[in-house]
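Just so it is clear, none of the values below were taken in a lab; they were calculated from the coordinates. Treat the numbers as computed from the prediction; the structure is a model and nothing was measured. Glycine gets a Cβ as well: all are built from the backbone with ideal geometry, and neighbour counts include every protein chain shown.
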Amino acid sequence: MPERRYSAEVVIAGGGIAGIVTALELLDRGRRVLLLDRDTEERFGGLAKESFGGIFMVGTPEQHRLGIRDDPELALADWRSVARFDPEDRWPRRWAEAYVERSLEDIHGWLRQRGVGFFPMVHWVERGLFRPGNSVPRFHMVWGTGHGLIEALAGRLLEHRSRDRLRLLFGHRVERFESEGGRIAACSGVTEEDGEPFEARGDAFVVAAGGICGSLEKLHANWYRPWGTPPPVILNGAHRYGDGKLHDAVAELGGGLTHLDLQWHYAAGVHHPRPDRERHGISLVPPKSALWMDAEGRRFGPMPLITAYDTRHLVETICRSPHQYSWQVLNWKIAVKELAVSGSEFNDSIRDKKVLAFLKDVLLGNPRLVRDLVDHCEDFVVADTVEELAARMNALTGEDLVDPETLEREIRAYDDTILRGPKLHNDEQLRRITHCRQWRGDRARTCAFQPILDPKARPLIAIREFILARKSLGGIVTDLESRVLDRQERPIPGLYAVGEAAGFGGGGSHGRGALEGTFLGSCILTAQSAARSMTDG
Ligand SMILES: Cc1cc2nc3c(=O)[nH]c(=O)nc-3n(C[C@H](O)[C@H](O)[C@H](O)COP(=O)(O)OP(=O)(O)OC[C@H]3O[C@@H](n4cnc5c(N)ncnc54)[C@H](O)[C@@H]3O)c2cc1C
């Protein structure tokens, strides 16, 4: 019997946003809660704290003010279009329906009541390429990014009127759950620091331990086979403890796991300039005016790659290309105006709520960011001529894959199309740039048809981009109350799963693809449902 023994009415494994919201809702209802997290206290909040803080919501006042008419029916049609659910995806479908119905009250209203504010501009991401995506803008940025979101929610938790009913223990790794008399009655594990065993007993247990994408082993084992073999380099944009070990523990109890091969990766990953975990990557918001090229310096085509339409298509195209990584070729002017990085770390003006600095970044671009990445990220190369650029690209990879003449020909063909004038822009990338610039949220951050070789816009920049693993779309199967279901779809008494661990609800509420911003929102909804199920019956 371990010396460290704890007890509470509800034990939560994982202190990301899903765990925090579960705890908040339980405290609101007077429950005694123990929250165990492997990580250190500074990282309380998990991935949400690092996140951009974009949240998909439907029919909000922000949309209304911008003249966007949206409703759950339209949003559900868009969701289903990108999800492409399998016929047997009963719970994932129901979670998708629940999301679009509940987002206004249970995400927007709930967060507003807890002091979270949103940016007035709603962004338009995942617009759809070969099938409909977001018909209208729905990506609402939290003022303060994910950092501000967690600051608000964790702050509420720590100052809760029932704070004495909450115990937070960091450095505690939960490893298994114990069943007694057909009900989960305890969990056990070890402390990170000294490997000391502990046991926690309770009436209910919540798995809020995130996804599986932090483990290369799990990624390889669950790689989506239609895309061929996994790329030799996959950067880690997920949680360092997102190893899926608690998924395995749930499976040992008979809990269902589904769709682990459906993951939401990004196509423009580069090495973190200051890594703090193995293969640590950051996800660039890829400049729309850059040329996206394969490892040999040939532009992807016939449909050129451009962001804002279909992330899964970008990832799939690169995974199917011979070397499974890509280049974006651009110039300094484009980089300053368009380059951004997803997450709170590289968006300090929004994170720190500095209005003037933010407006300056939008209007004048962000040279600080470009300078930082050029100086400190190993995947950026800079040169004055195409020949020199190709030589540096080859030096970086250690392979002579990029032929300078081919590279120059590809760039010139694109530039020549631009120079013929907008009426003759017979190029899919330019048509999409036109479309993006029609929405105010994108206009300020998208160049008006900038030729790459423009001498006034140099130096030239090439960015080597890898697939970056981020979110697990599949996971532990749950019902609409976030109760873990066994393989016969019966609830396992006393066991719940929320957030990314539950494939964001039902074991895969996104199906094959996401409309973006749905991850944070789903963490909130699944957590609320678990807490309400435990307390309201
Ligand atoms: C840079 C970045 C930008 C993003 N931007 C957005 C965005 O704009 N919009 C959006 O919707 N989503 C975004 N996301 C995704 C979103 O942040 C995550 O999907 C979400 O926060 C997952 O929350 P979670 O609570 O389920 O899991 P996590 O945040 O992964 O938290 C899991 C917690 O469980 C702990 N844990 C793991 N294993 C154990 C164990 N065995 N025992 C105890 N504790 C354990 C971990 O230490 C961690 O604290 C972004 C993510 C990143 C990294």
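Quick look at the values:
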{"quantity": "Pairwise centroid distance, computed over Cα atoms, of the stretch 166-201 with the stretch 69-113, Å", "calculated": "34 Å"}
{"quantity": "Helix-derived mean residue ellipticity, 222 nm - over the chain, DSSP H n ≥ 4, -39500 (n - 2.57), to 500", "calculated": "-9500 deg cm²/dmol"}
{"quantity": "Cα-centre dipole for the stretch 50-105 with unit charges at Cβ (Lys and Arg positive, Asp and Glu negative), debye to 20", "calculated": "60 debye"}
{"quantity": "Nearest 10 degrees, 0 to 90: helix 355-364 Cα axis against the chain principal axis", "calculated": "30 degrees"}
{"quantity": "Distance histogram in 10 Å bins (all Cα pairs of the chain, percent per bin)", "calculated": "4, 19, 29, 25, 15, 6, 2, 0"}
{"quantity": "Antiparallel bridge percentage (DSSP; both residues within the chain; nearest 5)", "calculated": "70 percent"}
{"quantity": "Gap separating the Cα centres of the stretch 230-251 and the stretch 433-476, nearest whole Å", "calculated": "28 Å"}
{"quantity": "Vicinal HN-Hα couplings computed from phi for the stretch 16-32 (Karplus, 6.51 cos²θ - 1.76 cosθ + 1.60; Hz; Gly/Pro x)", "calculated": "x, 4, 5, x, 5, 5, 4, 4, 4, 5, 6, 5, 4, 9, x, 7, 8"}
{"quantity": "Only Lys, Arg (+1) and Asp, Glu (-1) charged, at Cβ; the chain dipole about Cα centre in debye", "calculated": "1540 debye"}
{"quantity": "Val484 long-range amide H proximity, modeled H, under 5 Å", "calculated": "Ile492, Leu495, Tyr496, Ala497"}
{"quantity": "Violating pairs (Cα-Cα greater than 19 angstrom) within the set Lys337/Lys456; Lys245/Lys471; Lys49/Lys245; Lys333/Lys423; Lys337/Lys360; Lys49/Lys353", "calculated": "Lys49/Lys245; Lys333/Lys423"}
{"quantity": "Mean Cβ neighbour count within 10 Å, used as a protection proxy, ranking 14-21, 318-325, 478-485 highest first", "calculated": "14-21, 478-485, 318-325"}
{"quantity": "Selection from Pro367, Val21, Val100, by position along the positive dipole direction of the chain (Cβ)", "calculated": "Val100"}
{"quantity": "All-pairs alpha carbon distance profile, the stretch 373-509, 10 Å steps from 0, percent", "calculated": "10, 23, 21, 16, 16, 12, 2"}
{"quantity": "Leu453/Glu88 FRET efficiency (R0 56 Å; Cβ-Cβ; nearest 0.05)", "calculated": "0.60"}
{"quantity": "Cα long-axis angle, helix 404-419 against the chain (0 to 90 degrees, to the nearest 10)", "calculated": "90 degrees"}
{"quantity": "Leu253-Asp352 FRET efficiency (beta carbon distance; Förster radius 41 Å; 0.05 resolution)", "calculated": "0.40"}
{"quantity": "Burial ranking of peptide ranges 297-308, 159-170, 90-101, 460-471 (average Cβ count within 10 Å, highest at the top)", "calculated": "460-471, 90-101, 297-308, 159-170"}
{"quantity": "With Cα atoms, 0 to 90° folded angle of helix 72-83 axis to the chain main axis", "calculated": "70 degrees"}
{"quantity": "Percent of Cα pairs exceeding the 26 Å cut-off, where the set is the stretch 264-468", "calculated": "30 percent"}
